[in-house]
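Okay, structure first, notes after.
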Amino acid sequence: MSGNAMVVPGERLATEEEFVPGDNTYVEEGVIFASAMGSVVSEGGKISISQAGRSIKIIGRDMMVIGKVTESAKSVLFVEIDSINMQGKDYLALKDGKILAKPPRSGGPRFGGRDRGDAPREAREETPTRPCILGDTIIGRVQFNDKDSYQLTLDRPETGVISGRCSLCGGELSCNEERTALICVDCGHVNKRKISSLYNKSEEIKRLFA
Ligand SMILES: [Zn+2]
């Protein structure tokens, strides 16, 4: 790769046989990758990424992120996280997020963090087993920054689904007043999800990430 080229995180730069990895790079199986956005600098056998004049940050623990559920497996939902711009800084999502579909059985908080101990039995059974489904756009909080993914939790009022489609017919959904269910405008199906307090409030969502 020639010098001064702009790269994005995850872009392949060279092999360890060609260069020594420098600033803002990482090595996987002998290949050097960029860990930050910037321009490639190679001198004295060393390759690094210069971020001069740019303010780039990496998404980290406890941050709120926004993304789309792209894959739904038995016990985990995969979320493609958008890069976001906050306070003039670009935060880059280097990895996908994942949400564990089943919360801890006892003790731990439910998706909403609400205590349902005194709720009638029927209400308790209505708690969705999955907080969101394939295709939903969600806000999540980064709970753990794992090696290959961000583990997301939906434990805050503003976390959860911010837009989605009916699981039966793909129709548009409108939120009920209690914000406990999303009703399909077309077929009337009641979609149980963990709904964000910012559902359909695009201006407030923008403010959260501004
Ligand atoms: Zn429907």
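The values are calculated or read from the model by the stated rules, or taken from the named source; none is laboratory data. If you're wondering where the values come from, they're calculated on a predicted model, not measured in any experiment. Ideal geometry is used to build each Cβ from the backbone, glycine not excepted, and the neighbour counts take in all protein chains shown. What goes into the accessible areas is simple: the full protein's heavy atoms, side chains included, and nothing from ligands, DNA or RNA. Shrake-Rupley method; radii C 1.70, N 1.55, O 1.52, S 1.80 Å.
Summary of computed values
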| quantity | calculated |
| --- | --- |
| Count of the range 128-187 residues which are closer than 27 Å to R207 by Cβ, among the small types (G, A, S) and under 12 Å from the mean Cα position of the chain (by Cα) | 2 |
| Search result, residues across the range 1-32 that are open to solvent by less than 40 Å² (accessible area, probe 1.4 Å) and modelled with pLDDT of 90 or more | L13, A14, T15, G22, T25, G30, V31, I32 |
| Scope the range 151-210; condition surrounded by 14 or more Cβ atoms within 10 Å (Cβ to Cβ), within 16 Å of the ligand (Cβ to nearest atom) and among the small types (G, A, S); matching residues | S163, G164, S167, G171, A181 |
| Qualifying residue in the range 142-151 (condition: closer than 18 Å to S83 by Cα and among the hydroxyl-bearing types (S, T, Y)) | yes |
| Residue count for the range 181-199, restricted to those that are touching a residue at least 24 places away in the same chain (Cβ under 8 Å) and part of a loop (DSSP other than H, G, I, E, B) | 7 |
| Counted residues, the range 7-47 - those being farther than 22 Å from A93 by Cβ and small (G, A, S) | 6 |
| Criterion: open to solvent by 90 Å² or more (accessible area, probe 1.4 Å) and at pLDDT below 65 - qualifying residue of R110, R116 | R110 |
